[in-house]
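K.L.:
Quick one: this structure, given as structure tokens, is what I'll be asking you about.
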Amino acid sequence: MKSLINFHNPKTKLIYLKQKSLFDLFCTSVSVGLHKEAGLWLFSASQTVDMAAAAARIDRGRRSVSLLGTVTGCRATHTAPKSRYDALVVGGGHNGLVAAAYLQKGGVKTAVLERRHVLGGAAVTEEIFPGFHFSRCSYLLSLLRPHIIRDLELKKHGLKVYLRDPHAFTPMLEDGVRGAPPRSLILGSDLASNQREIGKFSQKDAKVYPEFTAHLEKLAGAIHPLLDSSPVDIPGVTTGSLKKRLSAAKTLMPILKCGLKLGRNVPDFYEILTAPITKILFRWFESEPLRATLATDGVIGAMTSPSNPGSGYVLLHHVMGELEKEKGAWGYVEGGMGGVSQAMARAARSYGVDIFTEKDVEQILVGSDGSAKGVALKDGTEINSKVVLSNATPYVTFRNLTPQAALSSEFIRAVDQIDYTSPVTKINVAVDKLPNFLALPTPDGKPGPHHQCSIHLNCESVEVLETAYKEATNGRPSTRPMLEMTIPSVLDPTLAPPGCHVVSLFTQFTPYHVEGREWTSQDREAFADTVFDWVEQYAPGFKKSVVGRDILSPPDLERIFGLTGGNIFHGSMSLDQLYLARPLPSLSNYRSPIKGLYLCGSGCHPGGGVMGSPGWNAAVTVMADLKSH
Ligand SMILES: Cc1cc2nc3c(=O)[nH]c(=O)nc-3n(C[C@H](O)[C@H](O)[C@H](O)COP(=O)(O)OP(=O)(O)OC[C@H]3O[C@@H](n4cnc5c(N)ncnc54)[C@H](O)[C@@H]3O)c2cc1C
């Protein structure tokens, strides 16, 4: 434990030792696995957390972590899996849990086997520092399909969300005119207020903004029918008897529905799918802060720049969700994003799914007839099943878990070509004071409406984003990175001790290799220092308020969460890896070359984000196959 903590100086160590007994209590009661995996822990001397307050929270933390880490609830906890199930789901990410819940609901006896000590995959809450509960990877909810929330009664099972309004805050780094604070841009649901805000930069943009948002909403809404179903069954519609082909033709319905929803907007839809987002934004708007703020959605999670083709689709992917019936809204989940996964796990358990953590699958068992027979765990246990669904990435599934002899060399080559490039380094920060922004000062320390927003830093112009991207493509972390800061504890007091906050810094652009070599701890620290230096410029005093930081570079995301290449979506959401080509043309219907082995994670259509659709679509496919055999 001790060796994992990075001490800045001897004074820090003293503080650590004073707090050690409290900390040990926490560590032993929570989980060893958590600490084994921690990227980098850092406590600094001048920035002590109110540990008394933290102590008061520990009991609650212990309870919440145990809920995540083990399976409790309405049925007795199984300590060991049975020897046979109808279906085994490898991985307890949210898609694995969704798939399992629907399968079991459909009468398929199912078990989930999760490698980590905690369920949720990238939709997880972890108490990284005592009293501070972080959405350690994903941090905002919008994409989760409403039918899944309803079907699985996720609200009954504990899902609670906090809507944010306003939702975007972009402060400028500039000298205010005649002593006025620097300008900023705030966007929310109130159109008149948005126009006033945009009008600070351009009256022309303010005028057309409502038309733009209505247009975008229309394009984004048309995608929905495509999300809730598998891609078109091409082999089905092109081969077999006429009867079979006609039956398969119903898989064309979602495309038809999408087209009908779009009507005369089909050409605009085609353009936004394929265009660089700058092409569209520059046509609508002239002010740089607005262009850049909107452009961030076109590159988030993607190693691309706003001027690259395909960034238009990435933007669409990020505005196509809804929360509490509000189109395009993103919100915080109470207790962090693990709250989604917990609710799914509770729902799944209530139907009878057996869920296990710390069950690392070593191999998918393939019988002499070439079909999946179950799995072997790292501890040697073998569990049999009729079908296996993998929530792991396509790469992990087919390169690490499947016996290579069972796959053709062409298929393996194709798997190796899936693009997992990622620009993301996530930094989770515990602070003892709310950031106080120069652009909208809150000297009393009380949250303003802007604190609940996605706070876009280094977002003055599209050029800033472009430069940050170029640096990473040259193998170096950006010196002026794109930063999206969120402070969910402003709305959800369960996340941090009183007066303290959890700050999420979703940062781009960082390469997988630094100048061609592996990341070192110095690289991580140096990058986090760069990020903090930038935050400090917008909100002086931030650095002093930092109590601890958890730095997750692309290789850390891969090592801890199993995200190949650190890619947050289980594979780039690039045009060549969408819909019928996600993750590969031969794998787009959730089935694999191994009979009885399916994919059910974000690597499949419709891709990444806490959406649940890949899990749902995979479960529907599996049930249809089980029924037909
Ligand atoms: C830093 C970051 C920020 C993000 N922000 C957002 C956001 O704000 N909003 C949003 O909607 N999306 C966001 N995303 C994307 C989103 O979180 C993911 O796309 C989504 O959670 C993936 O879900 P999944 O169930 O498909 O896979 P995962 O969550 O990756 O789950 C796969 C599971 O399989 C397990 N596993 C792998 N191999 C094995 C094995 N051999 N044996 C047993 N188990 C195994 C893993 O441990 C993991 O739990 C973010 C992702 C990251 C990383």
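What follows draws every value from the coordinates through simple rules; no lab data is involved. These figures come from a predicted structure and were not determined experimentally. All Cβ positions, even for glycine, are placed from backbone atoms using ideal geometry, and neighbour counts span all protein chains on display.
K.L.:
Considering only DSSP states other than H, G, I, E and B, which trypsin sites (Lys or Arg not before Pro) in the stretch 291-373 qualify as loop sites with at most 16 other Cβ atoms within 10 Å?
P.N.:
Lys325
K.L.:
What distance in nm separates the simple spin-label points at Ser371 and Glu217, each placed 7 Å from Cα in the Cβ direction?
P.N.:
It works out to 4.9 nm between the two label points.
K.L.:
Shifting gears a bit: What FRET efficiency comes out for Ser586 versus Lys243 if R0 is 35 angstrom and r is the Cβ-Cβ distance? Round to the nearest 0.05.
P.N.:
Once rounded, the FRET efficiency stands at 0.90.
K.L.:
Over the stretch 128-205, what is the mean sequence separation of C-alpha contacts under 8 Å (at least six apart), divided by residue count, expressed as relative contact order in percent?
P.N.:
Answer for the stretch 128-205 is 17 percent.
K.L.:
Which value, in Å³ per residue, describes the convex hull spanned by the Cα atoms of the stretch 336-468?
P.N.:
Hull volume over Cα atoms, normalised by residue count, gives 198 Å³.
K.L.:
What is the order of Val112, Val503, fewest Cβ neighbours within 10 Å to most?
P.N.:
Neighbour counts put them in this order, fewest first: Val503, Val112.
K.L.:
Next question, about the same structure. Between the stretch 530-599 and the stretch 207-256, what's the alpha-carbon centroid distance in Å?
P.N.:
So the two Cα centres are separated by 26 Å.
K.L.:
Okay, next question. Rank the residues Leu505, Leu242 as a footprinting-exposure proxy: fewest other Cβ atoms within 10 Å of their Cβ go first.
P.N.:
Leu242, Leu505
K.L.:
If each DSSP helix of 4+ residues adds -39,500 (n - 2.57) and the sum is divided by the residues in the chain, what number results at 222 nm, nearest 500 deg cm²/dmol?
P.N.:
Result for the chain, helices only: -11500 deg cm²/dmol.
K.L.:
How big is the antiparallel share of DSSP beta bridges in the chain, given as a percent to the nearest 5?
P.N.:
Percentage antiparallel, nearest 5: 70.
K.L.:
Right, next: Considering amide H positions built from the backbone, and no H for Pro or chain starts, which residues 5 or more places from Arg84, or on another chain, come under 5 Å of its amide H?
P.N.:
For Arg84, whose amide H was placed from the backbone, the distant partners under 5 Å are Asn384.
K.L.:
Please tell me the relative contact order of the chain in percent, rounded to the nearest whole number, where contacts are Cα pairs under 8 Å and at least six residues apart.
P.N.:
Worked out over the chain, it gives 22 percent.
K.L.:
Applying the Karplus parametrisation 6.51 cos²θ - 1.76 cosθ + 1.60 with θ = phi - 60° to the phi angles of the stretch 287-292, what ³J(HN,Hα) value in whole Hz is obtained for each residue in order, glycine and proline being reported as x?
P.N.:
Using θ = phi - 60°, the values come out as 8, 5, x, 5, 4, 5 Hz.
K.L.:
Does the chain come out rounded, prolate or oblate by the C-alpha gyration tensor, with a ≥ b ≥ c the root eigenvalues, rounded set by a/c under 1.5 and, if not, prolate when a/b is larger than b/c and oblate if not?
P.N.:
oblate
K.L.:
Here's a follow-up. Compute the longest continuous run of the chain that contains no exposed GluC sites (Glu not before Pro); treat a site as exposed when its DSSP state is not H, G, I, E or B and it has at most 15 other Cβ atoms within 10 Å.
P.N.:
That gives 325-514 as the longest site-free run.
K.L.:
Further, regarding this structure: Taking the simple approach of a point 7 Å from Cα along Cα-to-Cβ for both Lys160 and Asn265, what is their distance in nm?
P.N.:
Each label point is offset 7 Å from its Cα along the Cβ direction, giving 3.5 nm.
K.L.:
Using alpha carbons only, what's the Rg to Rh ratio of the stretch 422-498 with Rh from Kirkwood?
P.N.:
1.04
K.L.:
What percent does the relative contact order of the stretch 80-153 come to when contacts are Cα pairs within less than 8 Å and at least six residues apart?
P.N.:
It rounds to 25 percent for the stretch 80-153.
K.L.:
Determine the sum of side-chain charges near His157: Lys and Arg each +1, Asp and Glu each -1, restricted to other residues whose C-beta is under 13 angstrom from that of His157.
P.N.:
Around His157, the charge tally is +3.
K.L.:
Okay, next question. If I model a spin label at Glu153 and Arg559 as a point 7 Å from the Cα along the Cα→Cβ vector, what separation in nanometres do I get?
P.N.:
Label-label distance for Glu153 and Arg559, simple model: 4.3 nm.
K.L.:
Here's something else I'd like to know. Which shape class, rounded, prolate or oblate, goes with the stretch 177-274 when its Cα gyration tensor gives a ≥ b ≥ c as root eigenvalues, a/c under 1.5 marks rounded, and past that a/b bigger than b/c marks prolate?
P.N.:
Since a/c reaches 1.5 and a/b is larger than b/c, the shape of the stretch 177-274 is classed as prolate.
K.L.:
Please report the equivalent ellipsoid semi-axes of the stretch 104-236, computed as sqrt(5 x eigenvalue) of the Cα gyration tensor, largest first, in whole Å.
P.N.:
Semi-axes, largest first: 39, 25, 13 Å.
K.L.:
Additional query: By counting other Cβ atoms within 10 Å of each Cβ, how are Leu294, Leu143, Leu584 ranked from fewest to most?
P.N.:
Leu584, Leu143, Leu294
K.L.:
Mind listing which trypsin sites (Lys or Arg not before Pro) in the stretch 83-179 are in a DSSP loop and have 15 or fewer other Cβ atoms within 10 Å?
P.N.:
Lys155, Lys156, Lys160
K.L.:
Here's another thing I want to ask about it. May I ask you to compute the full-extension gain from Tyr579 to Ser193, defined as 0.36 nm times their residue separation minus their alpha-carbon distance, rounded to one decimal in nm?
P.N.:
135.2 nm
K.L.:
Please report the net charge: other residues with Cβ closer than 13 Å to the Cβ of Cys459, K and R +1, D and E -1.
P.N.:
Around Cys459, the charge tally is -4.
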